[in-house]
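What follows is a short report on a single structure.
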Amino acid sequence: MSVSSTQVIPESTDVPRHVVIIMDGNGRWATRRFLPRTAGHVRGVQAVRRVLEGCGRKGVKYLTLFAFSSENWRRPQEEVSLLMRLFVQTLEKEVGKLDEQGVRLRVVGDLSAFEPKLQGLIKAAEQRTCANDRLHLTIAANYGGRWDILQATRHLLRDRPDLAQNPDAITESMLSDRLSMAWAPEPDLFIRTGGEQRVSNFLIWQLAYTEMYFTPTFWPDFDAASLEAAFTWYASRERRFGRTSEQLEKSN
Ligand code: FPP
């Protein structure tokens, strides 16, 4: 991570540099319309497009979307299959456009659980867009924050077995540099749609100082105006990073 909010105070701007979203409410959106839950996910993909465009217009540099958590395997088999098909179809259909728009696409999570075709498509899409820098779009798939901290710890001990005998020498950055999104700045703005107010094991390490925005709007209904409302709310926040308001005023 370029800057750790618990070590250094990062620069704050009115437009968040890194936005992360839990896209919740697809199932309820569909159920209220007497449609199968899967119809909500299909509509959810359209909302992804709208939000990506909105973030691009606004100058957001990093957009990270929670598409499938480690816990989502517990859903009915039919829904899991549809979600996988949607990922495959969306990747096949959208990667060319993303590339033209200068979007760098990455997928984070334990991808070993996905079928080989999907893993291949992900790799190809990441390679195709790897030189782009206008907007970094990351999809968290089979991702869990605890999994991420665990894999970083394992990675660290593999790289530095000596630390097992000298744990006091372990620093925050040794772990954060091995998290699966180590290349991104910490999130400035977290959005969760669908009315629930929890983090659900998403980026738990990185959210330490993130501004949290919750909206009852279901993800398929989340549009440009909803995104604008979240940005307006964010711009009104006083990001103190542990300091007092008085200290903050003096530093501005
Ligand atoms: C949560 O809604 C949503 C998901 C588990 C899947 C999110 C997937 C998409 C928006 C589509 C695919 C995205 C990409 C990037 C291709 P929920 O089903 O938990 O809704 P509920 O709480 O109303 O049941």
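Do you know which of the residues in the range 60-71 that are touching a strand residue (DSSP E or B) at 6+ places or on another chain (Cβ under 9 Å) and open to solvent by 30 Å² or more (accessible area, probe 1.4 Å) is farthest from the ligand (Cβ to nearest atom)?
Residues of the range 60-71 touching a strand residue (DSSP E or B) at 6+ places or on another chain (Cβ under 9 Å): 60-70.
From what's left, open to solvent by 30 Å² or more (accessible area, probe 1.4 Å): 61-62, 70.
Details: K61: 18, Y62: 15, S70: 12 Å.
It comes out as K61.
Which of the residues spanning the range 18-37 are open to solvent by less than 30 Å² (accessible area, probe 1.4 Å) and within 11 Å of the ligand (Cβ to nearest atom)?
Here is the first cut: in the range 18-37, the ones open to solvent by less than 30 Å² (accessible area, probe 1.4 Å) are 18-22, 25-27, 29-30.
Of everything in the range 18-37, those that are open to solvent by less than 30 Å² (accessible area, probe 1.4 Å) and within 11 Å of the ligand (Cβ to nearest atom) turn out to be I21, I22, G25, N26, G27, W29, A30.
Need the failing condition index for R49 against (1) of a type outside the set (G, A, S); (2) under 17 Å from the mean Cα position of the chain (by Cα); (3) within 7 Å of the ligand (Cβ to nearest atom); (4) open to solvent by 20 Å² or more (accessible area, probe 1.4 Å), just the number.
Result: R49 fails condition (3) only.
Tally the residues that are among the hydroxyl-bearing types (S, T, Y) and without any contact (Cβ under 8 Å) to a residue 12 or more places away in the chain, restricting the search to the range 169-183. Quick ask: steps written out before the conclusion?
First, the residues of the range 169-183 that are among the hydroxyl-bearing types (S, T, Y): 171, 173, 176, 180.
Retained after the next criterion (residues that are without any contact (Cβ under 8 Å) to a residue 12 or more places away in the chain): 171.
Qualifying residue count for the region: 1.
Can you tell me which residue is surrounded by the most Cβ atoms within 10 Å (Cβ to Cβ) among those in the range 183-206 that are assigned to a loop (DSSP other than H, G, I, E, B) and more than 16 Å from the ligand (Cβ to nearest atom)? Spell out how you get there, then give the answer.
We begin by selecting, within the range 183-206, every residue assigned to a loop (DSSP other than H, G, I, E, B); these are 183-188, 193-205.
Right, trim to more than 16 Å from the ligand (Cβ to nearest atom) and you get 183-188, 204-205.
On the way: W183: 13, A184: 22, P185: 20, E186: 24, P187: 26, D188: 23, I204: 14, W205: 18.
Once the filter is applied, the top-ranked residue is P187.
Got a number for residues in the range 184-203 being without any contact (Cβ under 8 Å) to a residue 40 or more places away in the chain and touching a Lys or Arg at 6+ places or on another chain (Cβ under 9 Å)?
Going through the range 184-203 one residue at a time, the tally reaches 1.
The values are calculated or read from the model by the stated rules, or taken from the named source; none is laboratory data. Just so it is clear, the structure is predicted and the values come from calculations on it, not from any experiment. Note that each Cβ is placed from the backbone with ideal geometry, even for glycine, and that neighbours are counted across all protein chains shown. Heads up: the accessible areas ignore ligands, DNA and RNA and are worked out on the full protein's heavy atoms, side chains in. Shrake-Rupley method; radii C 1.70, N 1.55, O 1.52, S 1.80 Å.
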